[in-house]
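The values are calculated or read from the model by the stated rules, or taken from the named source; none is laboratory data. The structure displayed is predicted, hence computed values, not measured ones. All Cβ positions, even for glycine, are placed from backbone atoms using ideal geometry, and neighbour counts span all protein chains on display.
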Amino acid sequence: MCGLAAIFAHHADSKPVDAAELQRIRDRMTVRGPDGAGQWLAPSNRVGLAHRRLSILDLSDAGAQPMASADGRLIMVFNGEIYNFRDLRDELQQAGAIFRSHGDTEVVLELYARYGVDGLSRLRGMFAIALWDHARQGLLLARDGYGIKPLYYADQGGCIRAASQVKALLAGGAIDTSPDPAGHVGFRLWGHVPEPHTLYRHIRAVAPGGWMWWGQDGNHCQGRFFDIAQTIRLAPADASVDLGAALADSVRHHLIADVPVGVFLSAGLDSTTIAALAAQAMPSERLKTITLAFDELAGTDGDEAPLAEQVAAHYGADHATCRIPAGDFAASSEQILADMDQPSIDGVNVWFVARAARQRGLKVALSGLGGDEIFAGYDSFRQLPQVVSRLKAFGWTPFLGRGLRAVSAPWLSRFTSPKWAGLLEYGTNLSDAYLLRRGLFMPWELPQVMDPEMARAGWRDLQPRLALAETIEGIDNPRLAVSALESAFYMRNQLLRDADWAGMAHSLEIRVPLVDTVLLSQVVSLVKAGKPPSKLDMAACARPVLPDAVLRRRKTGFFVPIAQWMGQPHLRGWAATVLAGF
């Protein structure tokens with residue numbers, strides 16, 4: 001896990017790369033890679049790459065970056081982990097490749113050297129890549145299929161700049177910081193900034209599962225090698241998939257490291273199953289687990305510590321419970337906002353548990369993130385199809401829903417959620433109902449909570465209803481449609497992004513075995529074959545079996561008492577505090 005930076009002055013009239021700017025971008029990401037730093041500038045001064053290193057695989061200097069291919073044709077900076085790199089390495093060696101290191105970075109280089117961008121689809125893992133090709137005189141940017149690892153770019157003035165963080169790009173000092181209305185609307189709408197937007201007009205996110213190429217004089221092209229919704233559409237029905245073997249395979253791959261790997265352990269099914277499978281996969285080592293506990297939740301269903309401690313003992317883990325008092329949040333809130341790369345109403349829990357993991361000496365931790373999205377754990381999987389089924393007929397008279405909302409919204413918002421006013425307008429199809437459910441502020445509220453003109457421009461540019469509808473087009477199974485929405489929007493733009501910045505704030509790599517492209521295809525195949533696996537089916541794959549208390553526990557989610565700490569009744573107040581910090 002690392003931080004990368006790249007600058008390419010691709011137009012003949014653009015200024016040469018400023019080495020000082022490149023270094024400023026790189027060193028704004030020091031916490032992402034405290035173990036080493038590297039920088040390379042081409043003799044032409046038209047391209048430069050930089051890197052901050054967190055050593056996970058091949059801890060020697062041979063794994064340092066920027067890394068050049070043996071023939072000097074390619075040079076690359078890379079952030080993330082390739083979990084199948086050993087298999088790829090063996091295959092490439094059989095084809096004649098000679099390796100000078102023992103990590104995954106050189107494998108990516110060799111794979112590109114032989115297959116170009118076609119090789120990206122063979123990478124199983126989380127990654128962001130910036131690669132300079134001397135022979136083709138161009139820069140490649142690429143990002144993993146789920147978008148677990150971030151990669152942002154700005155193309156202005158005949159120069160492309162890229163980095164692992166928005167704030168790092170801003171630290172370079174050369175990017176126009178004009179606001180992006182769509183990014184600002186997106187944050188108020190969702191509580192996070194939806195990709196590809198940021199708060200800044202000239203900074204965009206590379207598409208998950210996508211690649212972008214810049215050649216000289218602005219010659220530009222792009223493509224996709226993976227898409228969640230497309231994978232769901234095309235995966236074949238296959239009742240023979242062994243769910244237990246599929247889960248064990250993913251966890252085993254995510255344990256690959258040359259440093260110890262721990263587990264974030266709550267009392268929920270996702271993390272307890274991950275802990276069980278991890279302990280089974282590493283019988284010669286004692287698994288380290290970490291749980292958060294809050295004084296405000298002691299003695300309630302939300303207190304996960306007692307049951308997590310029971311699970312840890314059940315699997316012989318070396319466990320630690322980290323208690324977070326309200327005063328700790330007050331003392332840390334400014335640092336949390338400084339570490340947050342883009343505004344988010346979530347991520348505080350991950351920030352604290354990542355801090356606890358790092359204090360235990362860990363550089364890598366597994367998280368149960370993604371279990372609800374792939375195994376239909378959210379209420380949305382049940383509630384959204386039910387609502388749409390009951391209200392679908394009103395979709396033929398959209399003016400009725402709009403009129404009822406316009407009349408009732410001012411009245412209803414005084415004593416209940418404003419969402420009720422939009423039920424007939426947004427509850428008649430799955431994609432609109434999803435926006436209604438996940439929205440922080442409702443679309444009709446936007447002109448009241450931000451500049452009205454920016455609200456209108458941002459809504460027009462963002463087009464959230466169209467983006468949601470296009471995502472599930474052609475997906476007839478309601479469960480798979482909701483899975484696509486939850487994975488491509490809430491999980492990608494909030495949960496995964498929060499895991500990145502909050503983990504990296506403490507130089508901790510967070511891995512997510514349930515967010516895996518291979519596992520996704522396997523689970524979708526079971527759903528299409530009429531054997532949709534549930535969260536309990538997932539938990540039943542744990543060996544030894546999970547304690548009955550875990551299997552019987554009512555789902556509560558991983559809750560952090562931010563509202564109580566701030567003296568606010570809901571997250572809207574926290575959202576205003578967050579945005580004020582940007």
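Note on the stretch 266-289: residues that are within 21 Å of residue 352 (Cβ to Cβ) and either part of a helix (DSSP H, G or I) or more than 21 Å from the chain's Cα centre (by Cα) (or both) amount to 9.
Suppose we filter the stretch 37-82 for residues that are in a strand (DSSP E or B) and under 22 Å from residue 158 (Cα atoms); how many remain?
Final tally of qualifying residues: 10.
Residue count for the stretch 504-516, restricted to those that are surrounded by 24 or more Cβ atoms within 10 Å (Cβ to Cβ) and touching a Ser or Thr at 6+ places or on another chain (Cβ under 9 Å): 7.
Within the stretch 196-238, being assigned to a helix (DSSP H, G or I) and surrounded by fewer than 20 Cβ atoms within 10 Å (Cβ to Cβ) holds for 216, 217, 218, 230, 231, 233, 234. Looking only at residues in the stretch 323-337 that are touching a residue at least 12 places away in the same chain (Cβ under 8 Å) and among the hydrophobic types (A, V, I, L, M, F, W, C), which one is nearest to residue 200 (Cα to Cα)? Checking each candidate, the answer is 337.
Residue check: is residue 263 in contact with a Leu (Cβ under 6 Å, 6 or more places away or on another chain), assigned to a strand (DSSP E or B) and either under 23 Å from residue 490 (Cα atoms) or among the aliphatic types (A, V, I, L, M) (or both)? Working first, answer last.
Values: in contact with a Leu (Cβ under 6 Å, 6 or more places away or on another chain): yes; assigned to a strand (DSSP E or B): yes; either under 23 Å from residue 490 (Cα atoms) or among the aliphatic types (A, V, I, L, M) (or both): yes.
Here the answer is yes, as residue 263 does meet what is asked.
Within the stretch 116-123, is there a residue that is hydroxyl-bearing (Ser, Thr, Tyr), in the same structural domain as residue 56 (by TED's automatic domain parsing) and more than 18 Å from residue 56 (Cβ to Cβ)? Lay out the reasoning, then the answer.
Restricting attention to the stretch 116-123, the residues satisfying the condition of being hydroxyl-bearing (Ser, Thr, Tyr) are 121.
Then drop every residue that is not in the same structural domain as residue 56 (by TED's automatic domain parsing), which leaves 121.
Subset that is more than 18 Å from residue 56 (Cβ to Cβ): 121.
Checked the stretch 116-123: at least one residue is hydroxyl-bearing (Ser, Thr, Tyr), in the same structural domain as residue 56 (by TED's automatic domain parsing) and more than 18 Å from residue 56 (Cβ to Cβ).
With respect to being more than 26 Å from residue 118 (Cβ to Cβ), touching a residue at least 40 places away in the same chain (Cβ under 8 Å) and not in a loop (DSSP other than H, G, I, E, B), residue 173 falls outside the description. Being in contact (Cβ under 8 Å) with a residue 24 or more places away in the chain and crowded, with 23+ Cβ neighbours inside 10 Å is the requirement here; does residue 193 meet it? When the stated conditions are applied, residue 193 passes them.
In the stretch 364-383, is there at least one residue being in contact with a strand residue (DSSP E or B) (Cβ under 6 Å, 6 or more places away or on another chain), in a loop (DSSP other than H, G, I, E, B) and in contact (Cβ under 8 Å) with a residue 12 or more places away in the chain? Give the derivation first.
Our first condition is that a residue be in contact with a strand residue (DSSP E or B) (Cβ under 6 Å, 6 or more places away or on another chain); within the stretch 364-383, this holds for 364-367.
Still in the running and in a loop (DSSP other than H, G, I, E, B): 367.
From the residues that got through so far, the ones that are in contact (Cβ under 8 Å) with a residue 12 or more places away in the chain too are 367.
So far as the stretch 364-383 goes, yes, one or more of its residues are in contact with a strand residue (DSSP E or B) (Cβ under 6 Å, 6 or more places away or on another chain), in a loop (DSSP other than H, G, I, E, B) and in contact (Cβ under 8 Å) with a residue 12 or more places away in the chain.
Among the residues of the stretch 311-335, those identified as at pLDDT 95 or above and buried (at least 18 other Cβ atoms within 10 Å of the Cβ) are 311, 312, 314, 315, 317, 319.
Within the stretch 441-497, if we keep just the residues that are outside any loop (DSSP other than H, G, I, E, B) and among the acidic types (Asp, Glu), the residue that is modelled with the lowest pLDDT turns out to be 445. Close Cβ contacts (under 8 Å, 6 or more residues apart or on different chains) running from residues in the stretch 522-543 that are at negative phi and touching a residue at least 40 places away in the same chain (Cβ under 8 Å) to residues that are surrounded by fewer than 17 Cβ atoms within 10 Å (Cβ to Cβ) and among the aromatic types (Phe, Trp, Tyr) are absent.
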